[in-house]
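Chemist: Below is a structure I'd like to ask you about.
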Amino acid sequence: MTRPAFVFALAMLSVAAVLLPSQGQAQQGDAAQPNALGMSVRHIHIRVMDVERTKAFYRDKLGFPVTNSTPTVVEFPGLWFGKWTGPGAIPTGGITIGIAAKSVEAVYNELKRRGVDLPNPPAPVRGEYSFTFKDPDGYVVEVEGPK
């Protein structure tokens, strides 16, 4: 991991620490108090070149408990790392901001009403529903939860 990438990852951890309560206060998907639309920050997902190296660093060096691990993803409370599968270096858009919703369909409809550019409607993903869009800086935002 390059120094700028490491500094950025630490900044994201700081953001997660502010946005997400301690592990004992919330379950995955209930990371923060919902807003008026029933949405809350769910996780921060950062793409990495080597998932095992990242898992060892955050688990063994920083002491974060692993909540889920596969060959392509390692998850810690509120912070997920996934294998970068694209060509070359990881682009700055390799971060996904995950938002939990009580009703993905209701949030989709409300965001569409508010003029958010939503390229695709909610679809079944990993046993729940999901849709994505980009924020003003180009970061991908994924809304996930029950239909």
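The values are calculated or read from the model by the stated rules, or taken from the named source; none is laboratory data. Note that the structure is a prediction, hence the values are computed from the model and not measured. When we count neighbours, we look across all protein chains shown, and the Cβ atoms used for this are built from the backbone with ideal geometry, even at glycine. All accessible areas refer to the heavy atoms of the entire protein, side chains included, with ligands and DNA or RNA removed. Shrake-Rupley method; radii C 1.70, N 1.55, O 1.52, S 1.80 Å.
Chemist: For PHE76, state whether it is at pLDDT 90 or above, crowded, with 17+ Cβ neighbours inside 10 Å, closer than 22 Å to SER130 by Cα and within 15 Å of the chain's Cα centre (by Cα).
Modeler: yes
Chemist: Could we say that ARG126 is closer than 17 Å to ASN35 by Cβ, open to solvent by 90 Å² or more (accessible area, probe 1.4 Å) and without any contact (Cβ under 8 Å) to a residue 60 or more places away in the chain here? First the steps, then the outcome.
Modeler: Values: closer than 17 Å to ASN35 by Cβ: no; open to solvent by 90 Å² or more (accessible area, probe 1.4 Å): yes; without any contact (Cβ under 8 Å) to a residue 60 or more places away in the chain: yes.
For ARG126, the condition - closer than 17 Å to ASN35 by Cβ, open to solvent by 90 Å² or more (accessible area, probe 1.4 Å) and without any contact (Cβ under 8 Å) to a residue 60 or more places away in the chain - is not met.
Chemist: Let me confirm something: among LYS61, LYS55, which residue is open to solvent by 60 Å² or more (accessible area, probe 1.4 Å), at pLDDT 50 or above, of a type outside the set (Asp, Glu) and farther than 28 Å from VAL107 by Cβ?
Modeler: Within the list LYS61, LYS55, the selection yields LYS61.
Chemist: Here are VAL107, VAL66, VAL141: which of them is of a type in the set (A, V, I, L, M), assigned to a strand (DSSP E or B) and either surrounded by 15 or more Cβ atoms within 10 Å (Cβ to Cβ) or at pLDDT 90 or above (or both)?
Modeler: The match here is VAL141.
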